[in-house]
Amino acid sequence: MNLILLGAPGAGKGTQAEVISSKLGIPQISTGNILRAAVKNGTEWGLKAKAFMDAGDLVPDDVVIGILKDRIAESDCAKGFILDGFPRTVPQAEALETMGVVIDKVIEISVPDEDIKNRLGGRRVCESCGASYHVEFNPTKAEGVCDKCGGKVVQRADDAPETVLNRLATYHEATAPLVDFYKGRGKLTTVIGQSEVSDTSKLVLDAVNA
Ligand code: ADP
Ligand code: ZN
């Protein structure tokens, strides 16, 4: 089963991808997490990506497509995968088709912009494993410590309010057209993001029949 989670930044793609991943036993592939790890490790991809990410702009398609291609070639993806944060542009979606990747379902998590702004302000992520939390809606058990791996949980630089506005604008301009792209291919299911993570999970799992 190859799945795509689509939605604005902070819509809950990463959180729901974690839920589906453990339920179906297929890996979650977050291009954002891969890019952040590349930046942290100072790799060549990371050096190219950093300035774009800090500004809340998209990293160029060729970089992200290269990263994604390498990742899905790994053996743990043989039974399927969940893409979280890819594709984010129509050319990225076309690249998947060119690679011969068959997507079974695309789940759009729809959340109004006003809610997105509140959510991103309170978002925290684990520096080590990328797990995401929210100070109010999905807190860690111990403050600042990841429930899953014990890593340090921090606020992302690009969750600053000015950057959030740019990321939202970029979403509407570059990524939202993918809703129609996948609707036209008969693959799209839209789920309304709920305030409780578990309520959204029920809808998302229904949508993938898991
Ligand atoms: P969010 O979904 O909260 O915006 P991500 O962790 O998915 O956050 O992405 C963080 C940043 O990484 C994006 O703002 C962008 O700069 C970069 N990025 C991640 N995935 C892609 C992609 N598919 N194409 C271009 N840039 C990407
Ligand atoms: Zn962690």
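Every number here is computed from the coordinates shown, using simple stated rules; none is lab data. As the structure is a prediction and not an experimental result, all values here were calculated from the model. We place every Cβ from the backbone using ideal geometry, glycine too, and count neighbours over all the protein chains shown.
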Centroid-to-centroid separation of region 52-120 and region 159-210 [C-alpha atoms, Å]
12
So which GluC sites (Glu not before Pro) in region 145-202 pass both tests, a DSSP loop state and at most 13 other Cβ atoms within 10 Å of the Cβ?
E196
One would report the antiparallel percent of DSSP beta bridges in the chain, rounded to the nearest 5, as 35
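Quick check: from the Cα gyration tensor, does region 161-210 come out rounded (a/c under 1.5), prolate or oblate?
Working: a/c = 4.26, a/b = 1.27, b/c = 3.37.
Note, shape of region 161-210 comes out oblate.
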Whose amide H sits under 5 Å from the amide H of C129, counting only residues 5 or more places off or on another chain, with H placed in the peptide plane?
none
When M53, M1, M99 are ordered from fewest to most other Cβ atoms inside 10 Å of their Cβ, what list results?
M99, M1, M53
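What translational D, rounded to a whole number of µm²/s, comes out for the chain from Stokes-Einstein when the hydrodynamic radius is the Kirkwood one over Cα pairs, at 10 °C and 1.306 mPa s?
Values: Rh = 17.3 Å.
In µm²/s, the coefficient rounds to 92.
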Amide H proximity to N2 below 5 Å, modelled H, separation 5+ or other chain, gives F81, D104, K105
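What shape does region 139-184 take by its C-alpha gyration tensor, where a ≥ b ≥ c are the square roots of the eigenvalues and a/c under 1.5 counts as rounded, a/b above b/c as prolate, and the rest as oblate?
On the way: a/c = 4.79, a/b = 1.95, b/c = 2.45.
Since a/c reaches 1.5 but b/c is at least a/b, the shape of region 139-184 is classed as oblate.
Can you sort E44, E94 by how many other beta carbons sit within 10 Å, fewest first? Before the final figure, lay out each step's value.
Numbers: E44 9, E94 14.
Fewest-to-most Cβ neighbours within 10 Å comes out as E44, E94.
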Got a sec to turn the phi values of region 77-92 into Karplus ³J(HN,Hα) couplings, 6.51 cos²θ - 1.76 cosθ + 1.60 with θ = phi - 60°, whole Hz, x for Gly and Pro?
8, 4, 8, x, 6, 10, 8, 10, x, 8, x, 10, 9, 4, x, 5
